[in-house]
Structure formats: structure tokens, C-alpha cells
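Student: The structure is given below, and queries will be raised subsequently.
The values are calculated or read from the model by the stated rules, or taken from the named source; none is laboratory data. If you're wondering where the values come from, they're calculated on a predicted model, not measured in any experiment. Every residue, glycine as well, gets a Cβ built from its backbone with ideal geometry; the counts of neighbours run over all protein chains shown. Accessible surface is based on the protein model in full, side chains and every heavy atom, while ligands, DNA and RNA are left aside. Shrake-Rupley method; radii C 1.70, N 1.55, O 1.52, S 1.80 Å.
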Amino acid sequence: MLPSFNSRPQGGGTVPCDERAVFTAVVYVLTSGCAWRHLPETFGVSPATAHRRFTAWTRAGLWRRLHRPVLDELGARGELDWASAIVDAASVRAKRGAR
């Protein structure tokens, strides 16, 4: 489901990274609250690469496409516990005046 890696047309740059390692690093940053610049070296991915790929994947709509399949897989395994689900909402002040 990950968008394919496209090398730079002008050449140069670095060798493509293992997409699974990059994905793991990105998910670590997103779930841990770690700053991109503090990404541990053990992931084998530079913070700049992880952030650049996160940005590209976000633009490509990856997170929306992954949401349902992940829930389906966890549900099929019996690992989905809706009792611990978190709902996020925002409140906006209503405008005064005519409806």
C-alpha cells in the first residue's frame, strides 16, 4: 500500500531505503511523540528521510487508505478492543445572528 519510491530525475542522492524500516520509524515518531530530529539511529533511517517520506505519504493519502484495512485486520484477529477507543473532537464557538 506504500507509494513506490521515485529516484530523483537529476541523479545523485542516496540509495533507496528499506520501506519497512522507514514506515516503522515514521510510526514510532507518530505514536511516541518523539521529535523527528531525535529518531533513534537503531531504525537505520535518518530523521530527514523519515520526515520526507512521511510528508510524501501524507500527500498521497496513505494514512486514510491504511485506516480501514488495519482495523479490519485487527478485528479479524480479535485484537480490536473498542472499549479502549479514543474519540477526538473539536469545539467551535457558534456564530451569533441569523441561522
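Student: Pick from segment 28-57 the residues that are more than 23 Å from Met1 (Cβ to Cβ) and in contact with a helix residue (DSSP H, G or I) (Cβ under 7 Å, 6 or more places away or on another chain): which of them is surrounded by the fewest Cβ atoms within 10 Å (Cβ to Cβ)?
Tutor: Going through the qualifying residues, I end up with Arg37.
Student: Among the residues of segment 39-49, is any part of a loop (DSSP other than H, G, I, E, B), at pLDDT 90 or above and among the hydroxyl-bearing types (Ser, Thr, Tyr)?
Tutor: Within segment 39-49, one or more residues are part of a loop (DSSP other than H, G, I, E, B), at pLDDT 90 or above and among the hydroxyl-bearing types (Ser, Thr, Tyr).
Student: Can I ask one more? Go through the residues of segment 6-27 one by one and say whether even a single one is open to solvent by 90 Å² or more (accessible area, probe 1.4 Å), polar (S, T, N, Q), at pLDDT below 95 and assigned to a helix (DSSP H, G or I).
Tutor: No, because not a single residue in segment 6-27 is open to solvent by 90 Å² or more (accessible area, probe 1.4 Å), polar (S, T, N, Q), at pLDDT below 95 and assigned to a helix (DSSP H, G or I).
Student: Same structure again: Open to solvent by less than 50 Å² (accessible area, probe 1.4 Å) and either over 16 Å from Pro3 (Cα atoms) or in a helix (DSSP H, G or I) (or both), is that true of Trp63? Show your work before the answer.
Tutor: Working: open to solvent by less than 50 Å² (accessible area, probe 1.4 Å): no; either over 16 Å from Pro3 (Cα atoms) or in a helix (DSSP H, G or I) (or both): yes.
Against the criterion (open to solvent by less than 50 Å² (accessible area, probe 1.4 Å) and either over 16 Å from Pro3 (Cα atoms) or in a helix (DSSP H, G or I) (or both)), Trp63 does not qualify.
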